[in-house]
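Everything below concerns the one structure shown next.
The values are calculated or read from the model by the stated rules, or taken from the named source; none is laboratory data. None of the values given here were measured: they were computed from a predicted structure. Here Cβ is always computed from backbone atoms with ideal geometry, including for glycine, and neighbour counts include all displayed protein chains. Heads up: the accessible areas ignore ligands, DNA and RNA and are worked out on the full protein's heavy atoms, side chains in. Shrake-Rupley method; radii C 1.70, N 1.55, O 1.52, S 1.80 Å.
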Amino acid sequence: MELKGKTRESSDSSEGPKGRMTIPLALVALISAFGSSFQYGYNVSVINSPAPYMQDFYNQTHWDRTGVPMSSGFQTLLWSLTVSMFPLGGFFGSLMVWPLVNNCGRKGTLLINNLFSIAAAILMGTSEIAKTFEVIILSRAIMGIYAGLASNVVPMFLGEMSPKNLRGAIGIIPQLFITLGILVAQILGLNSILGNAKGWPVLLGLTGIPSLIQLLTLPFFPESPRYLLIQKGNEEQARQALQRLRGWEDVDDEIEEMFQEDQSEKEEGQFSVLSLCTFRGLRWQLISIIVMMMGQQLSGVNAVFYYADRIFESAGVDSSSIQYVTVSIGAINVVMTLLAVFIVESLGRRILLLAGFVLCCASCALLTLALNLQPSVSWMSYLSIGCVIVYIIGHALGPSPIPAVMITEMFLQSSRPAAFMVGGSVHWLSNFTVGLVFLYMEAGLGPYSFLIFCAICLASVVYIFFIVPETKNKTFMEINRIMAKRNKVEIQENKEELKDFCSVPGGQAERKGLSSSKL
């Protein structure tokens, strides 16, 4: 009771109680991000290093079956499918977000999702023994579905669990683990480790281990309190989950805020994607997440990684050392995303987005200049390297981690699943488009293709500067009121039913009656 008194006293300030990083909250963030987000990053990068050996396996398998070598055109088609099935699967995984998180919960969806990963890992790991390359292509699609779900559900799950003053930092942890997954795949994919003729099936199969760990540990942690209270109508379970996550008994303020959110949107019910797209009250939120997700993927991050090897080679880096340079770029990505975790709550989301896109924009413009002048000016190759590093720093600080945090914050409980479904679909379709179009762009425009990415970064900066609000240290309801003004709509709140039940005898019982009668 003493702890409860202390907490209530602190909540009398205008800022409200400050949440702290408790061990249960830290563990659920790490287990969710390692078990899900890590694998997204791992599978983005895992097939880059062993590509020649996998293509040899495709060719050998075809020879064993037919007695004739595979034509180069057919091999190119099969490899293109192997690469592109992952983002395509990601798109279909995003389409599954809304029905799964509403029916199975956030934690339940993550647990079900692990089955996709474990099945794909077993298929990929045994593909060489089974002498079938078709299952690799199928498994890439299954891993894409897994990543499509994970990339949307983990930020939603952690965002709904976090106190408002830690929501940005915890919301970036999934992106941190995506970059860690990319780095680990690059390290394990070195020729001296698993990126060789014998090691590649193991390299592909390792992706199932984080899923197995999550499957065994996540059930011991609570479901999202907001899902339990607002969608399931179970205040008692929501209260217990909050008490465990916060490390103190008195969670009345957060329960109160959830009820306010529930009351303000109870007339609309659960939003489908169609109703989300046609609802005027969420118009600017929807446009904002589409712009941010398109900006994230169409700003050229994949193209910069693609070009990086050639840029370093032209600067005189030995071709056998290029893979180590790629690992060092992956390490910079991890370090800068880690920095974003620590500065997002002090600087805010908006500043990081703007600064990140400005750095990317400037890097693309300078990179175009440097690549064009490289044949005639020897030191331009070093400027190119500098541009690549600055670009990766900029993208890791803002455009990569922040959009998913903003989707969590700009939407309330009833519209959040549909919003993640839209944002995730845009993310994966844009990713797929860049993969499909960039080779043609590069063939037709050469270095000038970076000017297109420069223009997209600039457009993103202009939009964010004029439209996207700062959401740092605000409750979901406060953010909703800010956006309601922009959408020129009024928020309906039934203030009579939302009296401070702490000051009313038997208020908690009244609250339960309200929640059960409504839900």
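Measuring from centroid to centroid over Cα atoms, what is the spacing of segment 91-157 and segment 315-357 in Å?
When both Cα centres are located, 27 Å separates them.
Short version: what are the Cα gyration tensor semi-axes of segment 330-438, square root of 5 times each eigenvalue, largest first, in whole Å?
31, 18, 10
Please compute, over every Cα-Cα pair in segment 20-221, the percentage with a separation greater than 32 angstrom.
Cα-Cα pairs in segment 20-221 separated by more than 32 Å: 20 percent.
Once you charge only the Cβ atoms, +1 for Lys and Arg and -1 for Asp and Glu, what is the size of the charge dipole of the chain about its Cα centre, to the nearest 20 debye?
The dipole of the chain has a size of about 280 debye.
Quick check on the chain: helices-only [θ] at 222 nm, where DSSP H runs of length 4 and up contribute -39,500 (n - 2.57) each and the sum goes over total residues. Nearest 500, please.
Only helices count here, giving -24000 deg cm²/dmol.
Over the chain, give the accessible area per residue in Å² for a 1.4 Å probe, as an integer.
Here the per-residue accessible area is 40 Å².
Between Leu115 and Ala130, what is the label-point separation in nm under the 7 Å Cα-to-beta-carbon projection?
Label at Ala130, label at Leu115, 1.8 nm between them.
When the expected Rg is taken as 2.2 N^0.38 Å, what fraction or multiple of it is the alpha-carbon Rg of the chain?
Against the compact-globule rule of thumb, the ratio is 1.02.
So for segment 283-383, what are the equivalent ellipsoid semi-axes in whole Å, largest first, each being the square root of 5 times an eigenvalue of the Cα gyration tensor?
30, 17, 13
Considering only Tyr58, Ile172, Ser45, whose Cα is most displaced toward the positive end of the charge dipole of the chain, charges sitting on Cβ of Lys, Arg (+1) and Asp, Glu (-1)?
Tyr58
Could you work out the percent of alpha carbon pairs in segment 274-489 separated by over 31 Å, rounded to a whole number?
When every Cα pair of segment 274-489 is considered, 25 percent fall beyond 31 Å.
So, counting K/R as plus one and D/E as minus one, what does the shell of residues with Cβ under 15 Å around Ala340 add up to?
Every neighbour counted, the sum reads +3.
Would you mind working out the magnitude of the charge dipole of segment 146-274 relative to its Cα centre, with +1 at each Lys and Arg C-beta and -1 at each Asp and Glu C-beta, to the nearest 20 Debye?
1080 debye
Can you tell me which of 199-212, 372-385 comes out highest on packing, and rank the rest after it, using the mean Cβ neighbours within 10 Å?
Going by the mean number of other Cβ atoms within 10 Å, highest first, we get 199-212, 372-385.
Taking the Cα centre of segment 274-489 as origin, work out the dipole magnitude from +1 charges on Lys and Arg Cβ and -1 charges on Asp and Glu Cβ, in debye rounded to 20.
The dipole magnitude comes to about 1120 debye.
Could you work out the longest stretch of the chain that avoids the GluC sites (Glu not before Pro) located in DSSP loops with at most 11 other Cβ atoms within 10 Å?
For GluC sites (Glu not before Pro) (loop position, at most 11 other Cβ atoms within 10 Å), the longest site-free span of the chain is 16-266.
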